[in-house]
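Data block below; observations after.
Here, each number is a calculation from the coordinates, and none is a lab measurement. This structure is a prediction, so every number in the text was calculated from the model and none was measured. Glycine also receives a Cβ, built like all others from the backbone with ideal geometry; neighbour counts cover every protein chain displayed.
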């Protein structure tokens, strides 16, 4: 709540200074006048805007969007990789090609599985293999026909 009040107060001071400047009989093109206006009104306006932006979480929203974009990009890269590996991947392959830790690769694969884009299989030795069914069958795309066609 302090950021809201502080930011609002600084913006009010900036407005008060601009109004005072407009009512004063000074040369608006003089360098000293411009510097005085920037210091007396510009600095409080910048500080107030910064505090209000922090209060309303503008930085958090941008960071959230950035993280979502990174996640979407990594998922798209995993799907492309699945296309190059006949629709089957392991966490080690994903980690190696994307240069991410194996824990992050496992999380990516688990999220794609949760989105029903992959199923998990297990080898005799216990290796988890993620099967991307739709990716494996992309070659059949040219033979696709209408649902009601025989």
* Note down the nm distance, to one decimal, between modelled labels 7 Å out along Cα→Cβ at residue 24 and at residue 3. => 3.2 nm
* Residue-span extension gain [residue 75 to residue 144] - 0.36 nm each, minus C-alpha spacing -> 22.3 nm
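For the range 65-139, take the convex hull of the Cα atoms, compute a quarter of its surface area, and give me that in nm², please. Provide the component values of the computation, followed by the final result.
Numbers: hull surface 20.4 nm².
One quarter of the hull surface, i.e. the mean projection, equals 5.1 nm².
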* **Computed helical MRE - 222 nm, the chain, DSSP H runs ≥ 4 contributing -39500 (n - 2.57), nearest 500** => -20000 deg cm²/dmol
* Stretchable slack from residue 35 to residue 116, in nm (0.36 nm times residue separation minus alpha-carbon distance) -> 23.0 nm
* Calculated FRET efficiency, residue 43 and residue 102, Cβ-Cβ r, R0 41 Å, to nearest 0.05? -> 0.25
* In 10 Å bins starting at 0, how do the alpha-carbon pair distances of the range 2-56 split up by percent? -> 28, 44, 21, 7
* **Of every Cα-Cα pair in the range 1-122, the percent that sits beyond 18 Å** => 67 percent
* **Gain in span if fully extended, residue 86 to residue 133, counting 0.36 nm per residue against the direct Cα distance** => 16.0 nm
